[in-house]
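To keep things clear, I will list the structure first and then write my remarks on it.
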Amino acid sequence: MSELENNIAKAEAYLARFRDTGVLNRIGGADCPALSGATFDNTSPVDEGFLCKVAKSGPEDIDAAARAAHDAFAEWRDMPGANRKKVLHKIADAIEARAEEIAFAECLDTGQALRFMQKAALRGAANFRFFADRAPSARDGQNLPSATLMNVTTRVPIGPVGVITPWNTPFMLSTWKIAPALAAGCTVVHKPAEFSPVTARILMEIAEEAGLPPGVWNLVNGFGEDAGRALTEHPLIKAIAFVGESKTGSMIMKQGADTLKRVHFELGGKNPVIVFDDADLDRALDAAIFMIYSLNGERCTSSSRLLLQSSIAEEFTQKLKTRVDNIRVGHPLDPKTEVGPLIHKTHFDKVTSYFDVAREDGATIACGGERVGDKGFFVRPTLFTGASQDMRIANEEIFGPVLTALTFDTEEQALSIANAVEYGLTGYVWTNDLTRALRFTDKLEAGMIWVNSENVRHLPTPFGGVKASGIGRDGGDWSFEFYMEQKHIGFATGQHRIPQLGA
Ligand code: NAD
């Protein structure tokens, strides 16, 4: 048996139980189908075959979950932070113990390559540990004395919150949003993406087996327009942490308006990697390729626009083409695979439609521009050259293994192209000129910028975007700022004069 056959057999074995029971909701510590009994089919990105049935929930299921989260809130909020810390560390231990199951299930469900998903489970565990350690100090505040009052601040968890996640790296993203919510003392209703429900269910089971009280975390599957929408509109849900497309963020803001929802949005991107001619060009090449072709290009922080200084553009592009043509497309469970299939037909159709858009716009398809095989959603890694900033391929988020290369002459031109899009999530700047790096990063419109580096996440730093890429920040204390309310209390320290009306 080859390593791939062996991996497929293992992954099938991990998913077998879902074939029997389907992916159920979990509300108040109990497994439940959708109250209507409805289900939908989850299919494989590899061969479009049936993977499992999934509960197709509606407003009534969300209502049950929101009530369960509401009922569990007071006890979880009042549990000492040190005890919450212990539970969250146990969840991290259990994630590590089931890392292979999580990785294999994620590959089969999403099409992401094993070489990246092996680390996703461990990163998920690291998210839990990071916020577990901060749980005991989450409520800490400040002492701001005035002449007449001892003013203190404290933070309290906002209440039950809704978490809505996308399908690109569902396990990692779920841990990223849910771990700080639990550490803060909030209870959670999670609505995972309809295209990738499996690892959200495994994660939920892990949490309760590790000792999380029933109702603290509830899982409701279903589509965005019914289950997702109902979650954003539910009056018992105090805030929505959302990761997904910018236009969905806009809908959620409208849907949440009547109940005054606090929202945190991590949205789309069309992120530039800018390479100046004085940079370490070999490292820039490695990083640019990694940041667009890893994770199938289904990555919000991907460097989907390559801005090359004209003096180095030709040589850089030649080397780039050789490497892109060499990227190994294959089964996600093959350890050699670098790019797996896209998640779903809808998304495959969107990504491949840009091949015609590029041609119509007058760009050159220098690599790829075609599907691979006739089954599943495999796409050849694609490079568009000869592009200009007015083209759709230079402005719209494609969210696949597709890179648009542009050229510039001066620093001012580079900045103008980099900032010309509606998004502003990340930027990557390659130069060995320190003062230029300082100048450029100051003016670049992005929430996160790396200089002479690919995206290397450090959990205490703020994660989030500007413009159409998001509202709010994750990471470190920023996560607690979202999931908690600041409270001020003023204690009189003496007999200060109180104005006397009607005296
Ligand atoms: P999507 O917006 O289509 O769906 C995301 C989630 O929202 C899903 O669970 C979906 O069911 C739900 N949803 C859809 N409509 C809804 C509605 N009206 N009300 C409530 N919920 C609704 O996004 P996607 O296609 O699953 O994911 C890809 C997008 O996510 C890309 O744009 C990508 O850039 C973005 N993303 C951003 C980050 C980040 O950190 N900024 C990270 C990963 C992905």
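Tabulated values for the structure
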read-out: Viscosity 0.692 mPa s, 37 °C: Kirkwood-radius Stokes-Einstein D of segment 163-274 over Cα pairs, µm²/s; value: 227 µm²/s
read-out: Sites Glu12 and Glu208 - FRET efficiency at Förster radius 22 Å, r taken between beta-carbons, to 0.05; value: 0.30
read-out: Length-normalised contact order for segment 272-451 - Cα pairs under 8 Å, 6+ apart - percent; value: 28 percent
read-out: Residue (of Gly494, Gly222, Ile471) at the positive-pole extreme of the chain, dipole from beta-carbon charges; value: Gly494
read-out: Prolate/oblate/rounded call for segment 1-133, Cα gyration tensor, a/c under 1.5 rounded; value: oblate
read-out: ³J(HN,Hα) computed for each position of segment 242-252 - Karplus, 6.51 cos²θ - 1.76 cosθ + 1.60, integer Hz, glycine/proline x; value: 10, 10, x, 6, 4, 5, 5, x, 5, 5, 5
read-out: Placed amide H near Val451: partners under 5 Å, 5+ positions off or other chain; value: Val429
read-out: Mean separation of Cα contacts under 8 Å, 6 or more apart, over the residue count of the chain: relative contact order %; value: 18 percent
read-out: Mean Cβ neighbour count within 10 Å, used as a protection proxy, ranking 180-187, 57-64 highest first; value: 180-187, 57-64
read-out: Rg over Rh [alpha-carbon atoms, Kirkwood Rh] for segment 13-75; value: 1.09
read-out: Relative packing of peptides 360-371, 473-484 - highest average C-beta neighbours within 10 Å first; value: 473-484, 360-371
read-out: Accessible surface of the chain [probe 1.4 Å, protein heavy atoms]: carbon and sulfur percent; value: 53 percent
read-out: Potential lengthening between Asp140 and Glu75 on full extension [0.36 nm per residue; Cα-Cα distance subtracted]; value: 21.5 nm
read-out: Magnitude of the charge dipole, the chain, Cβ model with Lys/Arg +1 and Asp/Glu -1, debye to 20; value: 1400 debye
read-out: Dipole-positive endmost among Val156, Gly386, Val421 within the chain (Cβ charges, Cα centre); value: Val156
read-out: Between segment 301-363 and segment 384-413, the Cα center-to-center distance that results, in Å; value: 12 Å
read-out: Stokes-Einstein diffusion coefficient of the chain, Kirkwood radius over Cα pairs, 25 °C, 0.890 mPa s, in µm²/s; value: 103 µm²/s
read-out: Ratio of the Cα radius of gyration of segment 401-446 to 2.2 N^0.38 Å, where N counts its residues; value: 1.17
read-out: Segment 272-451, Cα convex hull volume normalised per residue, Å³; value: 108 Å³
read-out: Normalised contact order of segment 42-169, rounded percent, pairs of Cα under 8 Å and 6 or more residues apart; value: 26 percent
read-out: Added length on full extension, which subtracts the Cα-Cα distance from 0.36 nm per residue, Glu48 to Lys86; value: 9.5 nm
read-out: Cα-centre dipole for segment 272-451 with unit charges at Cβ (Lys and Arg positive, Asp and Glu negative), debye to 20; value: 660 debye
read-out: Hits among aspartates and glutamates - C-alpha to C-alpha of Lys443 under 20 Å, sequence gap 8 or more where chains match; value: Asp277, Asp278, Asp409, Glu411, Glu412, Glu422, Asp433, Glu454
read-out: Cα→Cβ-extended label distance, 7 Å offset, between Asn452 and Ala420, nm; value: 2.9 nm
read-out: Partners for Lys53 among lysines (Cα-Cα distance below 24 Å; same-chain residues under 8 apart left out); value: Lys10, Lys191, Lys345, Lys375
read-out: Within segment 272-451, percent of DSSP bridges classed antiparallel, to nearest 5; value: 15 percent
read-out: Point-charge dipole on Cβ atoms (K/R +1, D/E -1) for segment 31-167, about Cα centre, debye to 20; value: 760 debye
read-out: R0 of 35 Å, Cβ-Cβ distance Ser310-Asp374: FRET efficiency to nearest 0.05; value: 0.30
read-out: Flagged links, alpha-carbon separation over 29 Å, of Lys56/Lys487; Lys177/Lys336; Lys86/Lys177; value: Lys56/Lys487; Lys177/Lys336
read-out: Relative packing of 77-90, 458-471, which averages over residues the other C-beta atoms within 10 Å, highest first; value: 458-471, 77-90
read-out: R0 of 41 Å, Cβ-Cβ distance Thr154-Ala38: FRET efficiency to nearest 0.05; value: 0.40
read-out: From the C-alpha gyration tensor of segment 393-503, square roots of 5λ in Å; value: 45, 17, 16
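The values are calculated or read from the model by the stated rules, or taken from the named source; none is laboratory data. Everything numeric in this text was worked out from a predicted model, so none of it was measured. Virtual Cβ from ideal backbone geometry, glycine too; neighbours counted across all protein chains shown. Areas reflect the complete protein model, heavy atoms only, side chains present, ligands, DNA and RNA absent. Shrake-Rupley method; radii C 1.70, N 1.55, O 1.52, S 1.80 Å.
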